[in-house]
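*Asks:* This is the structure I want to talk about, given as C-alpha cells.
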Amino acid sequence: MKMADSTLAPGKTTEDFRRFSNSMLALADRGRMTLEILKDASFSLLDLFSCDAVEIATTEKSRAFHCDTREHGSPRFFCETIRNPETIKEFLPKSLRIARDVESVSRFFLQESGMDAPLTAVCRDSEASARFRTVVVIYLPVGDHIRGAVLLAYRNERKEEPWQAETFETLGRSLGLAFSHNQSQFELRERVKELTCMYGIAKEAVRGPRKIGESLRKIVSLLPPAWLYPEITEACIFLDGQRFCTDGYLDGGKKLSAEIEVDGVVRGCVEVAYRESRPELDDGPFLAEERHLIDSVAREVALILERRQALKEQDRLQEQLRHADRLATIGQLSAGVAHELNEPLTGILGFAELLQDLPDMPEAGKHDVKRIEAASLHAREVVRKLLLFARQVPTRRRPVDVNRVVRDVLSFFGGRLAKDAIRVNTDLAADLAPIVADEAQVRQVILNLVVNAVQAMSPGGTLEIRTANGEKNVLVVVQDDGMGMSPDVKKQVFLPFFSTKDVNLGTGLGLSVVHGIIQSHKGRIEVDSELGKGTTFTIVLPTEGTPDA
C-alpha cells in the first residue's frame with residue numbers, strides 16, 4: 001500500500017517501513033549497547049515519520065533507558081540510564097516527557113486487560129504538551145510483556161488514517177523484538193569476552209613455574225578486552241607494594257576495584273579503569289557483570305598466589321627432609337668415627353704421659369712429647385664434638401642460670417679478649433628465669449658463639465651479649481661487629497663441616513653442634529648477618545621442662 005497521501009508519513013510507503021524493520025533487526029544482530037541501538041532507532045524514526053520529536057522508554061532486567069530526540073535543524077539526542085527501575089507500568093508514565101497528561105496517553109496500556117488492549121494510541125491537544133499538537137504512542141511488546149514505548153510527536157495536528165493502527169502495531173512489535181534480540185546478543189558477546197578472560201587466567205595459573213611478576217603482567221593484559229569499552233580500558237594489579245599495569249594506566253577517574261586476599265590477609269587489589277567518561281550503567285559506567293568479573297579475577301589471583309606459596313612450602317619441607325636425612329647419615333658416620341678414634345687417642349695420651357715421667361728424657365724430647373699430648377687433646381676435643389653432634393653423649397637436665405653461664409664463659413675468655421683488645425658489653429636481665437637444660441651443653445653453646453664472634457672480629461672490635469625474658473622462654477643474643485656473612489654463607493652456616501676458615505683453623509662443627517644442642521632442648525636459633533656489618537645470633541630456649549631424676 002502506498003502512503004504518499006498520509007499526513008503522518010508524507011512520501012513514505014510500506015516498503016520504507018519494511019526496510020526500517022529489517023535494518024533494525026540487522027543492527028540488533030550485532031549486539032551493541034542498548035544506548036547505541038536506541039540512538040539509531042530514534043534518528044531513523046525521525047526520518048521515517050517526519051515527526052518533530054521521538055521519545056523512547058524501555059526496560060531490561062535491573063535497568064531502564066529513556067531517550068529524547070528532537071529535530072531542530074540538526075537532531076539532538078539525550079539518553080539516560082535508570083538503575084533498579086520500577087515496574088514497567090510505573091516506569092513508563094514517569095519517564096515519558098512529551099505527553100502532558102501521561103495517564104490519558106497510557107490509558108490503554110494501563111487497563112487490566114493488558115496485552116488484549118490496543119498497543120497504539122493517538123493523543124491530541126489537551127492530551128499532548130503545549131509544544132506538540134499530536135502524539136502517537138506505540139508500545140513495544142515482547143512475548144507476553146510490554147518492553148517499553150515509543151512516542152512520535154508533531155507540532156501540528158495530523159490526521160489518523162485507518163491503516164495506521166495496524167502499521168504502528170507491527171512497527172512496535174518489530175522494535176520490541178529488535179531491542180530484545182539486541183540485548184540477548186549483547187549479553188552473549190559480553191559473556192564470551194568474560195569467559196575468554198577467565199580461561200586465559202586459568203591457563204596462566206596452570207602454566208609451568210615462572211616468576212609471579214610475569215604471570216601478573218600476563219593477567220593484566222587479559223583484562224581490557226573483557227570490558228565493555230576495551231579501547232579505553234586500562235588495568236592494574238597491586239601486590240605487596242608493587243604495580244603491574246597496562247601501559248596507559250593512570251590513577252584517578254572511574255574504576256572498579258577488588259581486593260586480593262590470601263590466607264585472610266589483604267595483599268593488594270585488582271583495578272580496572274576507563275581513560276574517558278562513559279554513560280552511567282549499573283556500577284558507574286560499568287556493568288553489574290563486570291563487578292562479578294573483577295571479583296572473580298581477584299579470587300583467581302589469590303588462588304595463584306596461594307598455590308605458589310604452597311609449592312614453595314613443599315620445596316622447603318622437602319629440603320628440610322633431605323637436610324635431616326643428610327644430618328642423620330653424617331651423625332651415624334660421626335659416631336662411628338668418634339668411637340674408632342677414642343681408643344687409639346687414649347693410648348697416645350697415656351704413653352705421652354709415661355714418656356714425660358722418664359727421668360732421663362732430654363728437654364727436646366719432653367717438648368716434643370708435650371706437642372704430641374696437645375695434638376691428642378685437640379683430637380679428643382674434635383671426637384667429643386662429633387659425639388655431641390651425633391648425640392651420643394648423655395645429657396643431664398637441671399635448672400640452669402643462663403646469666404651465670406655467660407659470666408663463666410666471659411671469665412674463661414677474659415685473657416683472649418683482653419689480648420685482642422675486644423670490648424665486651426653485657427646487658428643481662430636481673431630477673432632472668434631459669435631454664436631446664438644440660439648446663440655443660442648450654443655452656444658449650446655460649447662458648448662456641450663467643451669463639452665464633454672473636455674469630456670474626458679484628459682487634460678492637462666490640463662483643464655484645466644480652467639476655468631477656470620472653471613468653472615462656474629465655475632469649476640470649478650474641479652480637480659482633482666483625483666481617484659478617486654473605487647470604488649464601490648464612491644459608492649454610494649450620495651445616496656440619498661447613499667452614500669459611502682456612503685449613504687447620506677450624507673443623508666446621510662448632511655451629512652445627514650449637515644448632516643440634518638447641519634443637520635437642522626444643523629451642524631455636526636465628527642468625528642475622530650482613531657483609532661488613534657484623535653478625536647477630538639469637539637463641540630462644542624454653543623455660544618449661546622436667547629435670548632429669
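The values are calculated or read from the model by the stated rules, or taken from the named source; none is laboratory data. Computed from a predicted structure; not experimentally measured. In this analysis, Cβ positions are derived from the backbone assuming ideal geometry, glycine residues included, and neighbour counts consider all displayed protein chains. Please note that ligands, DNA and RNA were not included when accessible areas were found on the heavy atoms of the full protein model with its side chains. Shrake-Rupley method; radii C 1.70, N 1.55, O 1.52, S 1.80 Å.
*Asks:* In whole angstrom, how far apart do the alpha carbon centroids of segment 406-425 and segment 231-308 sit?
*Replies:* 60 Å
*Asks:* Does segment 183-250 classify as rounded, prolate or oblate by the C-alpha gyration tensor (a ≥ b ≥ c root eigenvalues; a/c under 1.5 gives rounded; else a/b over b/c gives prolate, otherwise oblate)?
*Replies:* oblate
*Asks:* Computing the accessible area with a 1.4 Å probe over protein heavy atoms, can you report the carbon and sulfur percentage for segment 416-496?
*Replies:* Answer for segment 416-496: carbon and sulfur cover 51 percent of the accessible area.
*Asks:* Three principal axis extents, largest first, for the C-alpha atoms of segment 214-290, in Å?
*Replies:* The Cα atoms of segment 214-290 stretch 37, 25, 20 Å along their principal axes.
*Asks:* Could I ask something else about it? Note down the nm distance, to one decimal, between modelled labels 7 Å out along Cα→Cβ at residue 357 and at residue 538.
*Replies:* Using points 7 Å along Cα→Cβ, the separation is 5.4 nm.
*Asks:* So how do 526-538, 474-486 stack up, highest first, on mean other-Cβ count within 10 Å?
*Replies:* Highest-to-lowest ranking by the protection proxy: 474-486, 526-538.
*Asks:* Which value, in Å², gives the accessible area per residue of segment 400-483 when a 1.4 Å probe is used on the protein heavy atoms?
*Replies:* Per residue, segment 400-483 has an accessible area of 46 Å².
*Asks:* Using the Kirkwood radius over C-alpha pairs as Rh, can you work out the diffusion coefficient of segment 418-489 via Stokes-Einstein at 20 °C, viscosity 1.002 mPa s, in µm² per second?
*Replies:* Value of D from the Cα-based Kirkwood radius: 157 µm²/s.
*Asks:* Then there is this: Distances over 22 Å make up what percent of all Cα-Cα pairs in segment 136-265?
*Replies:* The proportion of pairs with Cα distances above 22 Å equals 60 percent.
*Asks:* Which whole-Hz couplings ³J(HN,Hα) result when phi for each residue of segment 185-191 is put into the Karplus expression 6.51 cos²θ - 1.76 cosθ + 1.60, θ = phi - 60°, listed in order with x for Gly and Pro?
*Replies:* In residue order, the calculated couplings are 5, 4, 5, 4, 5, 5, 5 Hz.
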